[in-house]
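**Student:** Got a structure here, written out as structure tokens. Questions coming.
The values are calculated or read from the model by the stated rules, or taken from the named source; none is laboratory data. All values reported here derive from a predicted model rather than from experimental measurement. Don't worry about glycine lacking a Cβ; one is built from the backbone with ideal geometry, like all the others, and counts go over all protein chains shown.
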Amino acid sequence: MQNKQTSNVTILAVESSCDETSAAVVMNGRQVLSNVISSQIEIHKKFGGVVPEVASRKHIESINLVIQQALDQAKVTSDDIDAVAVTYGPGLVGALLVGINSAKALSYAWQKPLIAVNHIEGHIHANFIENQNLEPPFICLVVSGGHSHLVYVKNYGEYEVLGRTRDDAAGEAYDKIARALGLGYPGGPLIDQEAKKGDRNAVEFPRIYLENESFDFSFSGLKSSVLNYLNSLKQKNQDIIIEDVAASFQEAVVEVLVNKAVSAAKYKKCKTIALAGGVASNSRLREYMAENCLNNQIEYTYPSKILCTDNAAMIGCAAYYKYIKCEYANYELNAVPNLELVK
């Protein structure tokens with residue numbers, strides 16, 4: 001496939017897969033000129049989670065303004081844009097369609113190529129934005145509310161999914177346990193905050209590793225164990241020490257995530273592990289990963305917290321490597337809510 005000129009390529013990217021409406025302008029894949037994010041967290045808090053219909057309506061209300069703000073902050077116009085990129089899955093179908101249709105309209109009106117980006121691929125590429133020296137191959141642990149993937153990044157756009165969750169994603173488990181503890185939504189940051197005050201060895205929750213040499217994850221058993229423990233204390237009228245439960249639960253999650261990632265790096269003879277996704281901002285995960293990578297002579301990298309959340313800058317970064325290979329989408333592009341990460 002013919003490669004494009006790679007210098008001064010400016011891409012407008014749009015991300016609307018869940019409850020953040022985001023637009024960014026990214027140059028040459030790694031230079032972020034703007035990254036505007038409109039979050040709906042405060043809206044969904046009262047529901048205890050994201051309501052898809054509400055999220056879609058809020059995307060419609062916000063997307064034009066967010067795109068204009070991204071262009072303004074980057075000090076560019078449509079004449080400066082070389083391509084329009086958008087997330088087309090995985091995610092909430094209604095939310096995805098808002099971003100896709102906006103990107104299609106701009107691509108058509110401006111006569112610029114349209115680039116479709118996998119949301120998980122975007123999370124992986126968030127690492128390239130701030131770590132300018134990062135190059136494939138490496139292992140990437142993608143952990144968020146909807147995804148838990150262990151990916152071998154062979155090259156730009158070339159992946160081997162070594163493991164994925166068989167039930168709850170790590171972030172999903174955090175949300176459910178936070179709800180059971182009465183902490184609210186989103187659960188990840190709230191449990192992380194409580195865990196800092198607790199004893200991570202207070203309760204021995206199970207570490208689920210599945211079959212020997214499996215890189216898959218399973219957090220449903222751990223979730224059930226925590227819920228059973230809480231119910232047992234309630235039945236006995238015993239006090240629940242929230243910070244100890246949070247710390248013990250978090251340790252069980254983090255140990256499995258890190259140990260599997262380090263095992264994957266050894267298996268693939270990789271010298272680098274990258275973190276990605278919303279749970280990648282978890283303080284204990286970062287700390288435990290750093291300790292284990294140091295002990296095993298493995299390099300370790302992760303994005304800043306703003307790039308761990310859903311954002312369009314990571315989509316623009318991933319789109320750049322598709323642009324230079326002329327990997328364009330057409331106007332029949334549709335949302336794929338269960339899109340898999342493939343080679």
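**Student:** Can you confirm whether segment 281-298 contains a residue that is at pLDDT below 95, in contact with a Ser or Thr (Cβ under 6 Å, 6 or more places away or on another chain) and not β-branched (Val, Ile, Thr)?
**Tutor:** No, segment 281-298 contains no residue that is at pLDDT below 95, in contact with a Ser or Thr (Cβ under 6 Å, 6 or more places away or on another chain) and not β-branched (Val, Ile, Thr).
**Student:** Same structure again: Here is a list of conditions, (1) closer than 19 Å to Leu275 by Cα; (2) surrounded by 21 or more Cβ atoms within 10 Å (Cβ to Cβ); (3) modelled with pLDDT under 95, and Pro189 meets all of them except one; can you say which number that is?
**Tutor:** Pro189 satisfies every listed condition except (2).
**Student:** Restricting to strands (runs of 3 or more DSSP E) lying wholly in segment 96-167: which have 3 or more residues that are within 30 Å of Pro52 (Cα to Cα), of a type in the set (A, V, I, L, M) and not assigned by TED's automatic domain parsing to the domain that holds Ser16?
**Tutor:** 138-143
**Student:** If Ile67 passes every condition in (1) closer than 30 Å to Lys266 by Cβ; (2) surrounded by 22 or more Cβ atoms within 10 Å (Cβ to Cβ); (3) not charged (D, E, K, R) but one, which one does it miss?
**Tutor:** Going through (1) closer than 30 Å to Lys266 by Cβ; (2) surrounded by 22 or more Cβ atoms within 10 Å (Cβ to Cβ); (3) not charged (D, E, K, R) one by one, Ile67 breaks only (1).
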